[in-house]
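*Asks:* Got a structure for you, questions after.
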Amino acid sequence: MTLPAKVHAIWESAELLIAFHKNKKRQKRDEPFLWRPKEAFARLLAKPEDQEAFVMLKGVDDVEDVQIKLHPDKVVVRRDQPLGWSGIVIEEHSVRVLVDNDWIEIKHDGSVVVSRDMETTYLEGDGSIIKINPDAEIMVSGDGRRMSRRTDDQIDAFTEDGFVSRKK
């Protein structure tokens, strides 16, 4: 086993903050008011759109800062990066990752959904793949025995019994 010659730190400090999105008169602020709780203990007493707790991981460089937002129903991790991941949403039954403006969702059953622009690709738990875009719907079974393509005017399919192609 070879270890890298130099280890690069990806963060250098963590700070717990509470962001108040509304003022005391319950009016929405242009920018949230950031408060640092004593002894780094926070309790949320309002709805997430009014108040949220988050940890700010200060990166080695400013562009490497990461926010970990703590909502009652999910955890959101954000960073400003032009390439690679820029957001992660962790919920009870799924994890979604934003990578280069494409959402990748991993569901509780192990299935994966990739959404980009006008197309969505599904990788089901049994290994089958479904791809839907404006031009066609494509399906490949997990064992590779069946493949089909459906467009607005035609259906093509490979099955165990042979090839089928017909106009609609």
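*Asks:* Which of the peptides 24-30, 85-91 is most tightly packed, and how do the rest follow, going by the mean number of other Cβ atoms within 10 Å of each residue? Don't skip to the answer; put the middle values down first.
*Replies:* Values: 24-30: 7.3, 85-91: 15.6.
Top to bottom by mean Cβ count within 10 Å: 85-91, 24-30.
*Asks:* Another question about this same structure. With P(r) over Cα pairs in 10 Å bins from 0, in percent defined as stated, name the option among [x] 12, 41, 35, 12, 1; [y] 9, 23, 25, 19, 13, 9, 2, 0; [z] 8, 19, 14, 11, 11, 11, 10, 7, 3, 2, 2, 1, 0 computed from the structure displayed.
*Replies:* Looking at P(r) over Cα pairs in 10 Å bins from 0, in percent for this model, the match is [y].
*Asks:* Determine how large the accessible area of MET118 is when every protein chain is in place; take a 1.4 Å probe and give Å² rounded to the nearest 10.
*Replies:* Its accessible surface works out to 140 Å², give or take rounding.
*Asks:* Also, I was wondering about something else. Please calculate how many Å² of accessible area segment 48-168 carries per residue, with a 1.4 Å probe and no DNA, RNA or ligand atoms counted. If you can, show how the numbers build up before the last one.
*Replies:* Working: 7870 Å² over 121 residues.
I get 65 Å² per residue for segment 48-168.
*Asks:* Still on this structure, I have one more. Largest first, what is the accessible-area ranking of ARG36, ARG78 with a 1.4 Å probe? Could the numbers behind the result be given before it?
*Replies:* Details: ARG36 130, ARG78 95 Å².
In descending accessible area the options line up as ARG36, ARG78.
*Asks:* Shape of segment 109-167 from its Cα gyration tensor (a ≥ b ≥ c, root eigenvalues): rounded if a/c is under 1.5, otherwise prolate when a/b > b/c, or oblate? Please report the intermediate quantities before stating the final value.
*Replies:* Details: a/c = 4.89, a/b = 1.22, b/c = 4.01.
Oblate shape, in that a/c is at least 1.5 and b/c is the bigger or equal ratio.
*Asks:* Can you figure out the FRET efficiency of ARG166 with ASP143, using R₀ = 25 Å and their beta-carbon distance, to the nearest 0.05? Working shown, then result.
*Replies:* On the way: r = 24 Å, r/R0 = 0.97.
It comes to 0.55.
*Asks:* Here's something else I'd like to know. What is the magnitude of the charge dipole of segment 109-167 about its Cα centre, with +1 placed on the Cβ of each Lys and Arg, -1 on the Cβ of each Asp and Glu, and no other charges, expressed in debye to the nearest 20?
*Replies:* Numbers: 8 positive and 13 negative charges, 32 e Å.
It comes to approximately 160 debye.
*Asks:* Moving to a separate point now. Quick one: pull the percent of accessible area on segment 15-168 belonging to carbon and sulfur, 1.4 Å probe, ligands and nucleic acids left out. Provide the component values of the computation, followed by the final result.
*Replies:* On the way: 5730 of 10880 Å².
Carbon with sulfur: 53 percent of the solvent-accessible area.
*Asks:* Going by accessible area, probe 1.4 Å, with all protein chains left in place, what is the ranking of LEU57, LEU83, largest first?
*Replies:* Values: LEU57 30, LEU83 125 Å².
The ordering from most to least exposed comes out as LEU83, LEU57.
The values are calculated or read from the model by the stated rules, or taken from the named source; none is laboratory data. Computed from a prediction, not measured in an experiment: that's the story for all the values here. Virtual Cβ from ideal backbone geometry, glycine too; neighbours counted across all protein chains shown. Please note that ligands, DNA and RNA were not included when accessible areas were found on the heavy atoms of the full protein model with its side chains. Shrake-Rupley method; radii C 1.70, N 1.55, O 1.52, S 1.80 Å.
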